[in-house]
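Here's the structure, in structure tokens; my notes come after.
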Amino acid sequence: MSGDWFFGIRGLRKQVLGTEFSGVVEAVGQDVTRYAPGDAVIGYPGAGFGAHAEYIAMPADGKLVRKPFTLGFDEAAAVPFGATTAYDFLVNKAAITSGERVLINGASGAVGTASVQIAKFLGAEVTAVASAKNAGLVRKLGAEHVIDYNERDFAAEGQLYDVVVDTVGTAPFVRTRHALRPGGRMVMISGKTSDMILGPLKARLAGRRMINGVASESRENLETVVKLINDGFYRPVIDRTDGFDEMRLAHAHVDAGHKTGSVVVRVADAPALKLVG
Ligand SMILES: NC(=O)c1ccc[n+]([C@@H]2O[C@H](COP(=O)([O-])OP(=O)(O)OC[C@H]3O[C@@H](n4cnc5c(N)ncnc54)[C@H](OP(=O)(O)O)[C@@H]3O)[C@@H](O)[C@H]2O)c1
């Protein structure tokens, strides 16, 4: 999808960007009982945008939940993007079960670090594909095996996995099929549009299954992820926190494709924080 088409051809369709946030409730409508001023929350307006601001209005029954009590505001701002994406693909769509052999390509990103932890929570045996600088991190998150993508090609080693998850778009089905057992599932979270469209058919013809598309941004997923955090099964990874004045630098760092976990942008003095990616 072209960025211009999505964000606006004659100018920005949305004046305030930002798809997820953490912060404190400033005021509530007179019929709202679920929250009160002072409550710490996280949420994602998603395609509605508007999180890169000091204030945002959200429906009380919208995609908004109480902040996990074990996290500060920086870490909490990073929850909605990586974890809800990983949860929706690994649990709801791929239905990974205990004992399955799962390979995660791009294990050090926001979605990747969440995928490693959620796959471990599900009882999978996890192989992480990451560069040498992130090998220690992904092992700490629970990966039993690590493949350095600069040194080895996971698809050329003769190992077969039940599930291969691609979060960076470097493992289209033509490559991944060599690492998938018959009947195995490929989870394409990132990839070229042509691979997204043709992949499911190619996979079916080869006796495998491809799962792709867009992660559901439901409030229920966010609530479940917060429970995983409060129970100690998941913790977001933060690459760095930038000030609002450094938004351009923050985006440039994200766009370079080598961040570790999430980059958080502090819009106002703590605790009003927003996330860029
Ligand atoms: N389908 C959906 O609904 C959905 C939802 C959310 C996100 N997404 C997509 O998911 C993707 C991941 O987002 P993200 O924020 O998690 O990405 P990210 O944080 O930018 O992930 C990049 C990570 O992958 C590593 N990496 C780079 N090249 C690699 C390679 N060739 N092999 C293995 N690892 C490599 C990088 O580490 P090094 O520095 O070590 O290279 C970096 O840590 C994005 O494309 C995003 O658009 C899709």
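The values are calculated or read from the model by the stated rules, or taken from the named source; none is laboratory data. Note that the coordinates shown come from a computational prediction; the quantities given were computed from them, not determined experimentally. Glycine also receives a Cβ, built like all others from the backbone with ideal geometry; neighbour counts cover every protein chain displayed. The accessibility values were calculated without ligands, DNA or RNA, using every heavy atom of the protein model including side chains. Shrake-Rupley method; radii C 1.70, N 1.55, O 1.52, S 1.80 Å.
Give the accessible surface of segment 92-211 per residue, rounded to a whole number of Å², with probe radius 1.4 Å and ligands, DNA and RNA excluded.
With all protein chains present, segment 92-211 gives 43 Å² per residue.
Arrange the residues 223, 26 by how much accessible surface each exposes, largest first, with a 1.4 angstrom probe.
Largest accessible area first, the list is 26, 223.
Relative to the first principal axis of the alpha-carbon coordinates of the chain, what is the inclination of helix 110-121, with its axis defined by its Cα atoms, in degrees from 0 to 90 and to the nearest 10?
Approximately 70 degrees, to the nearest 10.
Taking the full set of protein chains and a 1.4 angstrom probe, give the accessible area of residue 160 in square angstrom, rounded to the nearest 10.
For residue 160, the solvent-accessible surface is approximately 80 Å².
Only Cα pairs under 8 Å and at least 6 apart count here; give the relative contact order of segment 9-163 as a rounded whole percent.
Relative contact order for segment 9-163 comes out at 16 percent.
Would you tell me the accessible area of residue 58, worked out with a 1.4 angstrom probe on the heavy atoms of the protein chains, in Å² to the nearest 10?
50
If DNA, RNA and ligands are ignored and the probe is 1.4 Å, what is the ranking of 127, 97, 260 by accessible area, most exposed first?
I get 97, 260, 127, largest accessible area first.
Within the accessible area of segment 92-211, what % is carbon and sulfur when the probe is 1.4 Å and the other protein chains stay in place?
Carbon and sulfur: 54 percent of the exposed surface of segment 92-211.
For the full complex of protein chains and a 1.4 angstrom probe, list 189, 56 by accessible area with the highest value first. Write out the running numbers ahead of the final one.
Numbers: 189 30, 56 55 Å².
The ordering from most to least exposed comes out as 56, 189.
Using a 7 Å offset from the Cα along the Cα-to-Cβ direction at both residue 231 and residue 252, what is the distance between the two label points in nm, to one decimal?
4.3
Just report the Cα centroid separation between segment 87-148 and segment 199-258, whole Å.
What the calculation gives is 12 Å, centre to centre.
Within segment 109-207, report the GluC sites (Glu not before Pro) that DSSP leaves as loop and that have at most 13 other Cβ atoms within 10 Å.
Passing both the DSSP loop test and the Cβ count: 144, 151, 157.
At 1.4 Å probe size, what's the solvent-accessible area of residue 145? Round to the nearest 10 Å².
80
Looking only at segment 134-277, where both bridge partners belong to it, what percent of the DSSP beta bridges are antiparallel (to the nearest 5)? Don't skip to the answer; put the middle values down first.
Values: 2 of 15 bridges.
In segment 134-277, approximately 15 percent of DSSP beta bridges are antiparallel ones.
How large is the dipole of segment 1-134 about the Cα centre if only Lys and Arg carry +1 and Asp and Glu carry -1, each at its Cβ, rounded to the nearest 20 debye?
300
Loop-only check: which trypsin sites (Lys or Arg not before Pro) in segment 144-201 are DSSP coil with at most 16 other Cβ within 10 angstrom?
152, 192
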